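What follows is a short report on a single structure.
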Amino acid sequence: MRRRRMHRAVFAAAGAYNIAWGCYAVLDPQWFFRVSGLPLSNSPQIFACLGMVLGLYGLLYLEVARRPEAGWPIAAVGLTGKILGPVGLAWLIATGAWPPATVVMIITNDLIWWVPFALYLRDGWPDYRATFTTVAGRS
């Protein structure tokens, strides 16, 4: 795989980041509301659950780092979420439901990962496709 070492480092960093972010969101589910100026949540358990899910994504990203030739589907789902999250946030900001200060979460959770994830998907597709077609009995 082209740039294998770099991709492994990126997904190891993404995995560690997501696990740390998820743990912090579980331990302090009101942090985002305080930082962004939103009223504190009446149900912080929802944000804690988001933290749990993002932490689990971290485990998946660590698997991509361990075996980058097989991680294409995981990275594709990850990048899709990292694109759709900002789209949803843009809608919330545009409609006035959330203040612009909420962008703080999208910068580190999503935007900084767009280029390295997309580059991995570009570099990894030929290897993944070859493995998939061999396993599926296609040529």
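No value in this document is a laboratory result; all are computed from the given coordinates. In this text the structure is predicted, and so the values were computed from the model without any measurement. All Cβ positions, glycine included, derive from the backbone under ideal geometry; neighbour counts span all protein chains shown.
Within segment 66-123, which residues are more than 19 Å from ALA12 (Cβ to Cβ), hydroxyl-bearing (Ser, Thr, Tyr) and touching a residue at least 24 places away in the same chain (Cβ under 8 Å)?
Answer for segment 66-123, where residues must be more than 19 Å from ALA12 (Cβ to Cβ), hydroxyl-bearing (Ser, Thr, Tyr) and touching a residue at least 24 places away in the same chain (Cβ under 8 Å): just THR102.
Looking only at residues in segment 93-102 that are in contact with a helix residue (DSSP H, G or I) (Cβ under 7 Å, 6 or more places away or on another chain) and assigned to a helix (DSSP H, G or I), which one is surrounded by the fewest Cβ atoms within 10 Å (Cβ to Cβ)?
It comes out as PRO100.
Please determine, by comparing only the residues of segment 38-57 that are of a type in the set (A, V, I, L, M) and in contact with a helix residue (DSSP H, G or I) (Cβ under 8 Å, 6 or more places away or on another chain), which one is surrounded by the fewest Cβ atoms within 10 Å (Cβ to Cβ).
The selected residue is LEU40.
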